[in-house]
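The values are calculated or read from the model by the stated rules, or taken from the named source; none is laboratory data. Being a predicted model, the structure only gives us computed values, none of them experimental. Glycine gets a Cβ as well: all are built from the backbone with ideal geometry, and neighbour counts include every protein chain shown. The accessibility values were calculated without ligands, DNA or RNA, using every heavy atom of the protein model including side chains. Shrake-Rupley method; radii C 1.70, N 1.55, O 1.52, S 1.80 Å.
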Amino acid sequence: MTEATQLGGRAPPMLNKVPEVTMIFWIIKIMSTTVGETGADYLAVHVGLGTGVTTGIMVALLVAALIGQLRFRRYVPWIYWLTVVLVSVVGTQITDFLTDRLEISLYISTAVFAVLLALTFAVWYAFERTLSIHTIVRRRRELFYWAAVLFTFALGTAAGDLATEALSLGFDVGVLIFGGLIAAIAAAYYLGVNAVLTFWLAYILTRPLGASLGDLLSQSRDYGGLGLGTIDTSLVFLAVISSLVAFVSLAPSGTKTRAEVANKV
């Protein structure tokens, strides 16, 4: 069955709920992952809330934001990116809880999250016959999309911590490695490798890249960072994210109608 047939009369009158993949998209995505890393550390450690309380608060805020995101029938920049930032924080907290509180090996958590993400993609494709983010025009697809996003953040956090901490590569090397992998994926995309595959691979890798960048900027020099602190790093990145979201909110809409999506696929 073609995408055009699937988007027939029974589908709700939604526009695509995910923004167009532009350079601004990737900048905001990487910065949101950095905020997820530094923001979670600030609340859990410096404010003293602890991993459990921080996770509970962030999950409640994420549920509220996700309900708001689902209520809209089109892509709305501020609620979409707010949801992404909160997913980033929650994904970080899930991995930190498993590692710090339950003392589960990063090797195990990385493998488990990789399997869960693969299963999410498999079920999503079995029901919808596509994993393209250009066709998030149904509630069920959007739920699959956000489930996949959550697991990409959890997986990226575990893989990033595994590389920079368990394997002792350091934050600066982590930035170079994950940045280099994303550059290689971008090159593969321009050489004709499947767009859906390259998108999701890059999406997963932006999480450890953002986390390594956040730790490099915020952690003290004794731990291999630049010592800027979690507060300053989080505030600067949130300011940039807010500015870019405001910019795309005022720019002409890049979302596609259902008919345009059907013709595109």
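Remarks
- The string of couplings for segment 52-61 from the Karplus curve (6.51, -1.76, 1.60, θ = phi - 60°) is x, 5, 4, 4, x, 5, 5, 5, 4, 5 Hz, one whole number per residue in order, with x for Gly and Pro.
- Approximating the spin labels as points 7 Å out from Cα along Cα→Cβ, the residue 222-to-residue 24 distance works out to 4.3 nm.
- Segment 109-153 and segment 27-69 have Cα centres separated by 21 Å.
- Note that segment 183-195 has calculated 3J(HN,Hα) couplings of 4, 5, 5, 4, 5, 4, 4, 5, 8, x, 5, 3, 5 Hz, one per residue in order, obtained from phi through the Karplus relation 6.51 cos²θ - 1.76 cosθ + 1.60 (θ = phi - 60°); glycine and proline are x.
- Going by accessible surface with a 1.4 Å probe and the largest first, 20, 103, 142 read 103, 20, 142.
- Rounded tilt (10° steps) of 106-128 against the dominant C-alpha axis of the chain: 10 degrees
- Degrees separating the helix 23-41 axis from the principal Cα axis of the chain, which is the longest one: 40 degrees
- Spin-label pair residue 167/residue 196, simplified geometry with 7 Å Cα→Cβ offset, distance in nm: 2.9 nm
- Heavy-atom accessible area ranking, 1.4 Å probe, most first, across 134, 46: 46, 134
- Proximity of backbone amide H atoms, modeled 1.01 Å from N, is registered between residue 136 and 17, 18 at under 5 Å, excluding neighbours fewer than 5 places apart on the same chain.
- Rounded to the nearest 10 Å², the accessible area of residue 168 at probe 1.4 Å: 90 Å²
- As a rough guide to protection, the peptides 92-101, 190-199 ranked by mean Cβ packing within 10 Å, highest first, stand as 92-101, 190-199.
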